Structure formats: structure tokens, C-alpha cells
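Okay, structure first, notes after.
Only the coordinates and a few stated rules stand behind these numbers; no lab work does. Being a predicted model, the structure only gives us computed values, none of them experimental. Virtual Cβ from ideal backbone geometry, glycine too; neighbours counted across all protein chains shown.
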Amino acid sequence: MLSHSIGKHIRLYLVDGSPSGIITAEIMGWTGKVLSFSRLLLPEALKRPECAKTGLYFLTGVDEELGQLLYIGESDDVAKRLKQHDSTEDKAFFDQVTLVVSKDENLTKSHVRYLENRVIHLAQKSATTLLKNNTQGSDVFLPEAEQSDMEYLIQQLQILLPILGLFFLKEPPKRYKPLLIANDHVAIDQTTTSFELIYLKGQIKASGYEAEGAFVVEKGSQIRNLKSTNYDIKVGEALFSRYANYYNLTNPIDNTDEIISLTEDIAFKSPSGAAKFICGASVNGRLAWKVKGTNQTYEEWRKQQLEAIIN
């Protein structure tokens, strides 16, 4: 019998019974624990034992133009560090705190410094979050076994954090998902529909697909360079401020070529968001994207999918 990849048992606890209050998040069988709360609840949250531990923490806020803002930090006294951040002007942007600690007290200062460095590097690749850290974090040497433990912790955070509204560690979903078979052989589900977008009379050609509730623009797709000297400066600057973090995933970002290529897959919340990024203009992605090799628009394809289910 075929089955999709193994599920995870996530346990969320609303400490005061409110979804906007303090929340703890755990994965069954994992020794880590995540605590998330509004900045307004900082005085109450600092009384909890988790804040007295050694931990990794994330300060997040939202900017209308730039999207989610993020600062990553670590401390062996998180409560003390959060008190400092709450009174500094350069941290005025954050309205949410998310803290990662260990339930078995085995997370050390070296561990969280290693995690800070690794997570900063991963967050720099995020197309959904603008990193506010001024430094890269320090490279930390850990024994091989402990490095493995920390990488496992990061894998758990990639599962837990999106549930709490933090997507900076989430990788773009893959086009094809392996299906597990009882005899350990692997079959590949190749039912994903491919889409293409052609713009500027064929100068721009991009490909994409849907997976896990996202629209993914594939590596190698061509996009309009908002930093090109041939681009409308006023429009380019406005769009670049919105998509600045995405340009960390393109190469190069400071040349004069009007067309550049993606170096990695990028996930968007909608086909229109993807189309706007690619074309450097407001574009209806439901009409611009077409099923690859056909003239069928995304909108027509979507309608066909829904009608098939209803019938």
C-alpha cells in the first residue's frame, strides 16, 4: 500500500486559553520546546522558566512594504537579553517573540551560538523575510555528534515555526514527492502540473508549479532585473524595496542586464505574486501563467480542477 511521508504529532498549548496569548509548541518525542508570545506580553512571559534558560530567539514584526522583519539572537540568559531589546530603538520593529529551548537542559552556549550562525545563513536565503541582523554570527566548532543534534533541531524548527507564522526556514516545496512502499522501493508522484510565463515578447521565460499551498518559481527562470539601468528607476526602486530579499536569490543583483536568472526555487503565496516579481509590474498571474505547452491559462486550469471535484 502506498502512503505519503510520515506525519508529525504537534502539541500546541494556549497557556492562558487565548490564541493571541502565550503559546508553547512541541513535537512528540523531541526534547526541544518553542515559546511564542506578543511583545505586549513580555513582562508576563519573562516570569516563565523557559526564559531563564539558554536559548535561541527570534524577534519578528511586519512592514507594509518589506513584509516580515526578523532578528535572530542567542543568550544563556534570554530574559535579560529580551529586556535589553525591549528598550533599544533599533529593535522597535518587533511585535512578536519566539524562543527555542531544551526541555532536558542540554542546550549549551556553544550550541545556541552554532544555531544562531546556521539559522542566520538559512534566513538570508528566505524570500519571505527581511533579516535585521547586522552580523553573520560566529562560526562555532562542535563535535560531529553535537553538530548532528543541532541540525536535527533545525529540521524540527522547519516544521514548527511555520505553524506559528514564521516561514523563514521553510524551503520551497518540491515538485515531486516520493511515495513510500512497503517493500522499501520508492515511487515518484509525477502528477504536478507545469506552468510557464512568457513576457516582453519572449525575452522573459519562467516556469513554475504548485505544491503544499504555494506557487513555486523554478531555478533557472528568467526575471526582470529591477536594478537594471534600463529599468524605470522610480518603479524599480519601489518594487525592489518590496522584493529586496528575493534578489538575494538571483545572480547577479547589481549588473546592468535587464534580464537575470534565478539561482534557486522561490515560493510565493499566489501565481500573481510570482508574476509580479518576474515581470516587475502588476500582472494577473491567473491569466499570465499557462499550462506548459498549451494556451490554457492558470485560471482555466483551476476552474477545470474544481469542476472535476464537484462532478
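Below is a table of values for the structure above.
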{"item": "P(r) of the chain over all Cα-Cα pairs, binned every 10 Å from zero, in whole percent", "result": "5, 23, 28, 24, 16, 4, 0"}
{"item": "Amide proton proximity set for Trp289, modelled H, under 5 Å, gap of 5+", "result": "Tyr298"}
{"item": "Surrounding net charge for Ile204, when Lys and Arg each add one and Asp and Glu each subtract one, Cβ distance under 13 Å", "result": "+1"}
{"item": "Under Karplus coefficients 6.51, -1.76 and 1.60, residue-wise ³J(HN,Hα) of the stretch 204-219 in Hz, glycine/proline x", "result": "10, 9, 10, 10, x, 7, 9, 6, 6, x, 10, 10, 9, 8, 7, 3"}
{"item": "Positive-end residue, the chain charge dipole about Cα centroid, Cβ charges, pick of Val15, Leu226, Phe58", "result": "Leu226"}
{"item": "Antiparallel bridges, percent of DSSP beta bridges restricted to the chain (to nearest 5)", "result": "95 percent"}
{"item": "Placed amide H near Leu130: partners under 5 Å, 5+ positions off or other chain", "result": "Gln68, Leu69, Leu70"}
{"item": "Calculated FRET efficiency for the pair Lys219/Asp95, C-beta based, R₀ 41 Å, to 0.05", "result": "0.75"}
{"item": "Of the DSSP H helices in the chain, those whose Cα atoms cover at least 27 Å axially and whose Kyte score averages 0.0 or more", "result": "144-163"}
{"item": "Table column - 3J(HN,Hα) (Hz), the stretch 8-19, Karplus curve with 6.51, -1.76, 1.60, x for Gly and Pro", "result": "10, 9, 9, 10, 9, 10, 8, 4, 10, x, 10, x"}
{"item": "Amide proton proximity set for Phe268, modelled H, under 5 Å, gap of 5+", "result": "Phe215, Val216, Val217"}
{"item": "Helix-only mean residue ellipticity at 222 nm for the chain, each DSSP H run of n ≥ 4 adding -39500 (n - 2.57), per residue, nearest 500", "result": "-8000 deg cm²/dmol"}
{"item": "Counted charge near Ser126, where neighbours are those whose Cβ lies closer than 12 Å (Asp, Glu -1; Lys, Arg +1)", "result": "0"}
